Amino acid sequence: MSRLDSVIRRLTAQRAGLNWAAEQLQGTPGDVLELGLGNGRTYDHLRTVTPDRRIWVIDRNLNCHPDCVPPQDDFLQGDADAMLSKLAEAGPQVILAHYDLGTGVAADNRVLAEGLAPLVAKVMLPGGLILSDQALPGFEQLPEPCDIPKGRYNFYRVA
């Protein structure tokens, strides 16, 4: 599979998964967390499918498209571990988290995800959903919803 085909497959799974999660959580209170803003495409999509929810965004840098800049009060700029700890000070408040952090090096991404998973758990409400392109230990893995190919994206429910 070419790299172009792979990214199209990943983004298609990501969009379908976010749409599914937003639908599953309709009527359930809680905020959204976007871990890794990047260009802001996923954040922009989350604004569309969860319009009545506060969306927290964590990233080291604000390098997104100008149309995708989160409100200053919702953007936690810095290393993910420190920003998750800061967000956790208010207690669990997130019902949907999208984990999209990575370095481009698979082994490094695994170490990062393993280290951040316990911190993500601290901000999550019971019954919340986490979507991730990385495996996150410590959460109940769900089968892929919709027509998402097995193993293309990870779906978790918080106990």
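The values are calculated or read from the model by the stated rules, or taken from the named source; none is laboratory data. Every value quoted in this text rests on a predicted model; they were computed, and no experiment measured them. Every residue, glycine among them, receives a Cβ derived from its backbone with ideal geometry; neighbour counts consider all protein chains shown.
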### Query
Regarding V49, is this residue touching a Phe, Trp or Tyr at 6+ places or on another chain (Cβ under 8 Å), of a type in the set (A, V, I, L, M) and either modelled with pLDDT of 95 or more or farther than 20 Å from A13 by Cβ (or both)?
no
## Note on the structure
Across (1) in contact (Cβ under 8 Å) with a residue 12 or more places away in the chain; (2) surrounded by fewer than 19 Cβ atoms within 10 Å (Cβ to Cβ), I58 clears everything bar (2)
### Summary
Of V69, V94, V105, the only residue that is more than 22 Å from A135 (Cα to Cα) and either among the β-branched types (V, I, T) or in contact (Cβ under 8 Å) with a residue 60 or more places away in the chain (or both) is V69
#### Entry: Odd one out for P118, checked against (1) within 25 Å of A16 (Cβ to Cβ); (2) touching a Gly at 6+ places or on another chain (Cβ under 7 Å)
(1)
### Query
In the stretch 127-153, what residues are over 18 Å from L84 (Cβ atoms) and in a strand (DSSP E or B)?
G127, E140, Q141, L142
### Query
What residue, among those in the stretch 129-159 that are under 14 Å from the mean Cα position of the chain (by Cα) and in contact (Cβ under 8 Å) with a residue 60 or more places away in the chain, is surrounded by the most Cβ atoms within 10 Å (Cβ to Cβ)?
L129
### Query
Do we find a residue being over 20 Å from D59 (Cα atoms) and free of Cβ contacts under 8 Å to residues at least 40 places away in the same chain anywhere in the stretch 72-89?
no
## Note on the structure
Scanning the stretch 89-115 for residues that are hydrophobic (A, V, I, L, M, F, W, C), in a loop (DSSP other than H, G, I, E, B) and exposed (fewer than 14 other Cβ atoms within 10 Å of the Cβ) gives A90, V105
### Query
Which one is nearest to L136 (Cα to Cα) among residues in the stretch 17-50 that are in contact (Cβ under 8 Å) with a residue 40 or more places away in the chain, small (G, A, S) and part of a loop (DSSP other than H, G, I, E, B)?
G36
